[in-house]
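FYI, it's all coordinate maths here, none of it is from the lab. Remember, it's a predicted structure, so these values are computed and weren't measured experimentally. Heads up, the Cβs are rebuilt from the backbone with ideal geometry, glycines too, and the neighbour counts pull from every protein chain shown.
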Amino acid sequence: MTRQSTKMSSKFKVRAYCSSRQCDYVHPDDVIQAINSETSYALAQLYNESSSKPSCPKCGEAMAFYSHSVIEEPWLP
């Protein structure tokens, strides 16, 4: 008897957006892909605490970072 393997392709990422309330810029690409949700959350916190953040290309304010997860569960319809 062989057992079918199910592959989970979950993705844990850090994304960026402008921290200004007047600007609606969201960076179109992921900043980094992490190995798990804890790592993506910790990296987003680390980037947000950094004193040298990249500037928004639209308005020039500092960018803010957040963790984002895409969970794919093959056993659900």
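Could you grab the relative contact order for region 11-70? Cα pairs under 8 Å, six or more apart, rounded to a whole percent. Each step should come with its number before you reach the end.
Numbers: 111 pairs, mean separation 28.4, N = 60.
Once normalised by length, the contact order is 47 percent.
Could you compute the net charge surrounding Tyr17? Neighbours are other residues with a C-beta less than 14 Å from the C-beta of Tyr17; K and R count +1, D and E count -1.
+1
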